[in-house]
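S.K.: Before I ask anything, let me first share the structure, which is written out below as structure tokens.
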Amino acid sequence: MRHALTVAALMTALSAPPLFAEGLVRCEGKLSDRDLYRAVACEAQPGGACKLPMRKWFAPKRRNLTVAIKFVSPHFPDRTRREIHNALLDSTQEINAAGADLRVTYVTGKRADIEIFLSATKEGGIVRDTGDRMVDGTRMEKGSVARVTFFWQTNTGRISEADIVFTRDILSRDIRSIVLEELTQSLGFSTDIVNPYYTQRSIFSEDGNSVTRLGGQDMIALRTHYPPQ
């Protein structure tokens, strides 16, 4: 049986938290590497038990994961499309440089493991006319400008595919951070954290979209999820 996860990304200007299919971890101060990893991978409170199963891309697929822009609405701003394209290139390099046992490659003109949809939908709207039945009908949460969904086998935790939807009103200043966040979450990290210490230190922070690089603990989380061989 397959299960799907959906997580929304916030516009910078939004102050109220969105409604997530899977929850947030609220905590304070710097976490241990283990606690941060378990918070974002299985929604565990610091020192607590996992609320969710671990989900991963399995070998050998994870060593050749592909990401592509599958759909661009004719009403999607071309400048925003180019900025997302460039951010995807930067994000794949950032993830690949973390030292984890996985590799993500941006591709064109073919089906990909992680597919990107640039929708005419505005934040809070319903995604339509992409031609993908798994994407059309998706409601963007109020204030959200991006949404990642990944599918996994419930008995193994093996991720089989993922898609990311961006709305047409995503702000240029937020694109690099949100693209990196969504692409990283599509690797099996389902939970954001609410913790002032990490607002400008971790891509998994719920508050703000200022982080454009994977911090030290973010890279450790990736390497813990996909240990180097």
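S.K.: For residues in the range 163-174 being under 22 Å from Arg139 (Cβ atoms) and not acidic (Asp, Glu), which is most open to solvent (accessible area, probe 1.4 Å)?
M.R.: Arg168
S.K.: Still on this structure: Can you pull out the residues in the range 112-123 that are of a type in the set (Val, Ile, Thr), farther than 18 Å from Pro60 by Cβ and open to solvent by less than 10 Å² (accessible area, probe 1.4 Å)? Let's see the steps before the verdict.
M.R.: The initial filter retains those residues of the range 112-123 that are of a type in the set (Val, Ile, Thr), namely 114, 116, 121.
This time we only want the ones that are farther than 18 Å from Pro60 by Cβ, so: 116, 121.
Listed by number, the list holds a single entry, Ile116.
S.K.: Would you check if there is a residue in the range 5-26 being open to solvent by less than 20 Å² (accessible area, probe 1.4 Å), touching a Lys or Arg at 6+ places or on another chain (Cβ under 7 Å) and modelled with pLDDT of 95 or more?
M.R.: no
S.K.: Scan the range 64-87 for residues that are in contact with a strand residue (DSSP E or B) (Cβ under 8 Å, 6 or more places away or on another chain) and either open to solvent by 40 Å² or more (accessible area, probe 1.4 Å) or more than 16 Å from Asp174 (Cα to Cα) (or both) and report the count.
M.R.: Residues in the range 64-87 being in contact with a strand residue (DSSP E or B) (Cβ under 8 Å, 6 or more places away or on another chain) and either open to solvent by 40 Å² or more (accessible area, probe 1.4 Å) or more than 16 Å from Asp174 (Cα to Cα) (or both): 13 in total.
S.K.: Out of Gly131, Gly109, Gly99, report the one residue that is without any contact (Cβ under 8 Å) to a residue 60 or more places away in the chain and more than 13 Å from Thr184 (Cα to Cα).
M.R.: Numbers: Gly131 fails: without any contact (Cβ under 8 Å) to a residue 60 or more places away in the chain; Gly99 fails: without any contact (Cβ under 8 Å) to a residue 60 or more places away in the chain.
Result: Gly109 is the single residue among Gly131, Gly109, Gly99 that is without any contact (Cβ under 8 Å) to a residue 60 or more places away in the chain and more than 13 Å from Thr184 (Cα to Cα).
S.K.: Right, something else. Does Thr138 satisfy the condition of being surrounded by fewer than 24 Cβ atoms within 10 Å (Cβ to Cβ), more than 20 Å from Val104 (Cβ to Cβ), hydroxyl-bearing (Ser, Thr, Tyr) and modelled with pLDDT under 95? Even if it seems obvious, please write down each step before you answer.
M.R.: On the way: surrounded by fewer than 24 Cβ atoms within 10 Å (Cβ to Cβ): yes; more than 20 Å from Val104 (Cβ to Cβ): yes; hydroxyl-bearing (Ser, Thr, Tyr): yes; modelled with pLDDT under 95: yes.
For Thr138, the condition - surrounded by fewer than 24 Cβ atoms within 10 Å (Cβ to Cβ), more than 20 Å from Val104 (Cβ to Cβ), hydroxyl-bearing (Ser, Thr, Tyr) and modelled with pLDDT under 95 - is met.
S.K.: Still on this structure, I have one more. Here are the criteria: (1) over 25 Å from Leu171 (Cβ atoms); (2) of a type outside the set (Gly, Ala, Ser); (3) surrounded by 14 or more Cβ atoms within 10 Å (Cβ to Cβ). Tell me which single one Glu94 does not satisfy.
M.R.: (1)
The rows are residues; the columns are (1) under 24 Å from Val165 (Cβ atoms); (2) assigned to a helix (DSSP H, G or I).
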| position | (1), (2) |
| --- | --- |
| Ala41 | yes, yes |
| Gly48 | no, no |
| Phe58 | no, no |
| Thr66 | yes, no |
| Phe76 | yes, no |
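S.K.: Within the range 122-170, how many residues are more than 16 Å from Val72 (Cβ to Cβ), of a type in the set (Asp, Glu) and part of a strand (DSSP E or B)?
M.R.: 1
S.K.: If Gly131 passes every condition in (1) more than 19 Å from Phe117 (Cα to Cα); (2) more than 13 Å from the chain's Cα centre (by Cα) but one, which one does it miss?
M.R.: With (1) more than 19 Å from Phe117 (Cα to Cα); (2) more than 13 Å from the chain's Cα centre (by Cα) applied to Gly131, the lone miss is (1).
S.K.: Within the range 188-208, how many residues are assigned to a loop (DSSP other than H, G, I, E, B) and open to solvent by less than 20 Å² (accessible area, probe 1.4 Å)?
M.R.: 10
S.K.: Select from the range 45-70 the residues that are among the hydrophobic types (A, V, I, L, M, F, W, C) and over 18 Å from the mean Cα position of the chain (by Cα) and list them in ascending order.
M.R.: Ala49, Cys50, Ala59
S.K.: Within the range 101-111, which residues are in a loop (DSSP other than H, G, I, E, B) and buried (at least 21 other Cβ atoms within 10 Å of the Cβ)?
M.R.: Leu102
The values are calculated or read from the model by the stated rules, or taken from the named source; none is laboratory data. Being a predicted model, the structure only gives us computed values, none of them experimental. For neighbour counting, all protein chains shown are included, and Cβ atoms are generated from backbone atoms with ideal geometry for every residue, glycine included. These accessible areas exclude ligands, DNA and RNA; they are computed on the full protein's heavy atoms, side chains included. Shrake-Rupley method; radii C 1.70, N 1.55, O 1.52, S 1.80 Å.
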